[in-house]
Amino acid sequence: MNDNRGQTIFLSVIGIATLLVAIIGATFAYFTTTMDGTKAGVTATTGTLGAVTYTAEALNLPNILPGKTSEEKSVTVSLGTSDFDVNYVCNLEVTGNEVTDMFLKVSGENIIAAANNQRLPLVVYPTFGEDGTTELTPAGTAQKIKIAEGTLKSGESKTMKYAITFQETGSEQNAQQGKRFNATVSCGLESADGVYYNDANQGGTTTKPTGTPTPQP
């Protein structure tokens, strides 16, 4: 009886030891996987608008007579390095004119055809008191004539020319002796208030964008 019990205990110990050896020495096999791929680069640069400049040659005509046409003077508009095209406008602005037979001539790149041979408008000069500074009557409203407009690409320049003619009418013009004429020539963007560029208006717009900013987290 005792021998069987002892044998049973012995066999149990042997069985447990064998099980431990089996567990400790066993290899647990399994599958694994990994992920490979190609990174996607994300880059961005903002566009650059080049500076627009112009040079207008001055014109001075003292003591002109009927039939006189001035020499041509040039106006050159240039755009620096730019990612976008820029629109420009050139104007002759009459600030004072007492000569009824004064005409404008234009030629060259991007001129306004209607401006060529256009009669220049009369604009009254202000009058002053004996002290020379007290204004008695104001000057008339300056009259602007568009003489050229166009589009500049990066690094591009455009040149136009203008001249003034005191037209001979074929009849007596004594009433125009001693009269004055004054004007300025200038160029600028298509709007004095500025031109705005965004993705929806890559060629520029004179209407200021009113978009709603994207909320930031």
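The values are calculated or read from the model by the stated rules, or taken from the named source; none is laboratory data. Since the model is a prediction, treat every value here as computed from it, not as a measurement. What goes into the accessible areas is simple: the full protein's heavy atoms, side chains included, and nothing from ligands, DNA or RNA. Shrake-Rupley method; radii C 1.70, N 1.55, O 1.52, S 1.80 Å.
Which whole-number percent is the relative contact order of segment 111-192 (Cα, under 8 Å, 6+ apart)? If you can, show how the numbers build up before the last one.
Working: 41 pairs, mean separation 18.5, N = 82.
Here the relative contact order equals 23 percent.
Can you tell me which aspartates and glutamates have their Cα less than 17 Å from the Cα of Lys208? Leave out same-chain residues fewer than eight positions away.
By straight Cα distance, Lys208 reaches Glu190, Asp193, Asp199.
Taking 8 Å as the Cα distance limit and 6 or more residues as the minimum spacing, I'd like the relative contact order of segment 31-109 as a percentage. Show your work: numbers first, answer last.
Numbers: 44 pairs, mean separation 25.5, N = 79.
It comes to 32 percent, rounded to a whole number.
Might you work out the accessible area of Asp83 for me, using a 1.4 Å probe with all protein chains in place, and round it to the nearest 10 Å²?
100
Work out how much length Asn182 to Asp36 would gain on full extension: take 0.36 nm times their residue separation and subtract the Cα-Cα distance, in nm to one decimal.
44.9 nm
Solvent-accessible area of Tyr197, probe 1.4 Å, all protein chains present, reported in Å² to the nearest ten, please.
Accessible area, nearest 10 Å²: 60 Å².
Step through the table entries Lys68/Lys146; Lys105/Lys158; Lys39/Lys153, compare each Cα-Cα distance with 28 Å, and write down the pairs that go over it.
Over 28 Å apart, Cα to Cα: Lys39/Lys153.
Please arrange Thr53, Thr81 by accessible surface area, largest first, computed with a 1.4 Å probe and ligands excluded.
Thr81, Thr53
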